[in-house]
Amino acid sequence: MEKRMLLRRVCFKEEVIMKIISLVSSYRINGNTDKAVSLIEKQLLSIADKENIALEVEKIHLSRIDIKTCCGCRACFDKGEEKCPLKDDLLAIWKKIHQADGILAASPVYVEDVNGIMKNWIDRMAFNCHRPAFAGKIVYIVTTSGGGTSNHTINTIKNAFTAWGTNFVGSSKFRTGELMASVEMESKYGSSIKKAAEVLFKAVKNNSAQKPSLYSLIVFKVQQKCWQESAQRQDTVDYQYWQKNKWLERDCNYYIPNKASFLKIKFARLIGSIVAIFYLKKVSKAMY
Ligand SMILES: Cc1cc2nc3c(=O)[nH]c(=O)nc-3n(C[C@H](O)[C@H](O)[C@H](O)COP(=O)(O)O)c2cc1C
């Protein structure tokens, strides 16, 4: 897989203590999205150097990796992701994310949404919505667009990563037109690039996933309630995953031990329970 994957790994110190993975979905190497990510990575490494922290940054170009189109067979949902009939590099990328502390997810805006490469990757990762495995990880989102809005694009990525258990800490939108030179991007967006790196670095360094957002806590509660209600199907891979992680226990409020305030948790549990009731009314037997 390593041979087919276009990646760049940079580290200032020998002993890595923080690891950030950039996922770039643009097909264009050295296109706007790639350039924006490279500039943020440069800032991340500069902050790490100043703070004397060993940081490894690795960029993965999703377009250069063998990720086949989801065939909709549901094998990953029903039997486990390793039973997917598509033999490609998806699980190798999954493992890389699992080993990282932070993720910089970047997509160009295509017709007001993520591009197809990002969407297919998200679809192939959908089993993580059933069995979230990335709790404790920080995600920061970057979009580039011709000039239009990126809100929908950001929400598509944010919703997926939140359902997978990660903690979203921010996003940056770069209006770049067709192709912007790095120098121009740096001069036009220098402060946004610096801010993006600072926010992501600080969140990873301070382990801010221990303070999940209200939205993340609500998403957890909705998922928990749905799996608790499906107790009549205890033989499923999903149910067993939730049970093994002790996430179905009544007093469990998030995937990981956390420092969210009492009131925030109470409110999230209330809202999450209400949302789940409406959701469960709509679905009868299957989850999706
Ligand atoms: C197929 C296609 C669809 C696009 N759709 C939009 C759009 O809806 N809104 C917008 O502002 N820009 C749109 N763009 C422009 C790209 O988002 C923009 O140029 C982006 O920076 C390209 O990133 P890249 O250089 O990494 O490929 C589109 C470009 C392409 C090729």
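Surface exposure of the stretch 31-147, expressed per residue as accessible area with a 1.4 Å probe, stands at 35 Å².
Angle of helix 182-205 to the longest C-alpha principal axis of the chain, folded into 0 to 90 degrees and rounded to 10: 40°.
Annotation for the stretch 221-288 versus the stretch 148-175: alpha-carbon center distance of 23 Å. Highest mean first, the peptides 267-278, 151-162 sorted by other C-beta atoms within 10 Å per residue fall in the order 151-162, 267-278. The slack in the chain from Lys194 to Ile29, taken as 0.36 nm per residue of separation less the alpha-carbon distance, amounts to 57.2 nm.
Extending 7 Å from the Cα toward the beta-carbon at both Asp88 and Asp123 defines two label points whose distance is 1.0 nm.
Across the accessible surface of the stretch 7-209, with the other protein chains kept in place and a 1.4 Å probe, carbon and sulfur atoms take up 50 percent.
Each residue, Thr149 and Glu186, gets one label point 7 Å from its Cα in the Cβ direction; the gap between the two is 3.3 nm. Each DSSP beta bridge with both residues in the chain is either parallel or antiparallel, and the antiparallel ones are about 20%. A Förster radius of 22 Å, combined with the Cβ-Cβ distance separating Leu214 from Lys282, puts the computed FRET efficiency at roughly 0.40.
For the options Val37, Val111, Val219, a Gaussian network treatment of the chain with springs between C-alpha atoms closer than 10 Å singles out Val111 as fluctuating the most. For the stretch 214-282, the solvent-accessible area of protein heavy atoms averages 63 Å² per residue (probe radius 1.4 Å; ligands and nucleic acids excluded). One Cα centroid belongs to the stretch 103-123, the other to the stretch 188-210; the line between them spans 21 Å.
Rolling a 1.4 Å probe over the protein heavy atoms of the stretch 224-288, with every protein chain left in place, gives an accessible area that is 58 percent carbon and sulfur.
Straight Cα distances below 19 angstrom link Lys35 to the lysines Lys59, Lys173, Lys188, Lys194, Lys195, with same-chain residues fewer than 8 positions distant left out.
The values are calculated or read from the model by the stated rules, or taken from the named source; none is laboratory data. Computed from a predicted model, the values in this text were never measured in an experiment. When we count neighbours, we look across all protein chains shown, and the Cβ atoms used for this are built from the backbone with ideal geometry, even at glycine. Quick note on the areas: whole protein, heavy atoms, side chains included, nothing else; ligands and nucleic acids left out. Shrake-Rupley method; radii C 1.70, N 1.55, O 1.52, S 1.80 Å.
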